[in-house]
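To keep things clear, I will list the structure first and then write my remarks on it.
What follows draws every value from the coordinates through simple rules; no lab data is involved. On a predicted model such as this, the values are computed, not experimentally measured, just so you know. Cβ placement follows ideal geometry from the backbone for every residue including glycine, while neighbour counts extend to all protein chains displayed.
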Amino acid sequence: MGITSKPVVFAVLSAAVILIGSTVTVFIPLFMPSTQPVSAYVKPYTSVELEGRDIYMREGCNNCHTQTVRPLRTEVLRYGEYSKPEEFAYDRPFLWGSRRTGPDLNRIGGKYPDSWHYRHMQSPQSMFEKSNMPPYGWLAKNRLDTSNSYKKTSILGYGFSEQDVQVQISQYRSKVTADTYLSKETRDLVTPAELHHELTEMDAIIAYLQKLGRDVKNLETKK
């Protein structure tokens, strides 16, 4: 009698073969350097950018916005250079997405000044009359919680010390609260007076948006 006449044994052996095959072809390559390309031009998120990324995910922005430009002429013309594998080296999880209720954001960094983003987050319809994006002005009323910032960067293996994280937070706070900040007027309009000298959730999410695609733009410039 062959193995096919023993359904239980056949099922167990089949499951074992599938499990081994899946491990070899799917899970092992995940930990191989060749499947995780990196570039000296692509830097990990700062602690403030990472906090902004968490807010972006918390608010479900990735449900409407993709972060991957496909190598198609129409997409490159609209959004910019197509996405490269190395630019996602520090993304946990990936936010490629599959729905474009809103435009792709993979190349949004540096496309508009911070002031544009403050206005847009406050009232998308004031920038695009037919936009179906809800307003997020209330983010400017929430003080940014950085109590777990070091723990987050540490778990993700970004290589920052606790002092590095504190310096990043302090430097970004100094930037957006300075009188010389180019977007100060707009920021002050959307931010309550008592938070003018504090970091807000809106500051963080804008820091994150301004990071998207900028490193790869530098990479392309250097070629």
Which net charge results when you count Lys and Arg as +1 and Asp and Glu as -1 among the other residues whose beta-carbon is under 9 Å from that of residue 65? +1
Scattering profile of the chain from the Debye formula, Cα beads only, expressed as log10 I(q)/I(0) at q = 0.17 Å⁻¹, is -1.31
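Could you give the DSSP H helices of the chain that reach 24 angstrom or more along their long axis (alpha carbon positions) and whose average Kyte-Doolittle hydropathy is no lower than 1.0?
none
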Placing +1 at every Lys and Arg Cβ and -1 at every Asp and Glu Cβ, with all other atoms neutral, what dipole size does the chain have around its Cα centre, in debye to the nearest 20? 740 debye
Among 68, 46, 108, whose Cα lies farthest out toward the positive end of the dipole of the stretch 38-222, if unit charges sit on the beta carbon of Lys, Arg (+1) and Asp, Glu (-1)? 68
May I ask you to list the lysines whose Cα is less than 25 Å away from that of residue 175, ignoring any residue fewer than eight positions away on the same chain? 43, 111, 141, 151, 152, 184, 211, 217
Extreme residue, positive dipole direction of the chain, given options 205, 137, 8 (C-beta unit charges): 8
Relative contact order in percent for the chain (Cα pairs under 8 Å, 6+ apart) equals 29 percent
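Would you calculate a helix-derived [θ] at 222 nm for the chain, using -39,500 (n - 2.57) for each DSSP H run of n ≥ 4 and dividing by the full residue count, to the nearest 500?
-13000 deg cm²/dmol
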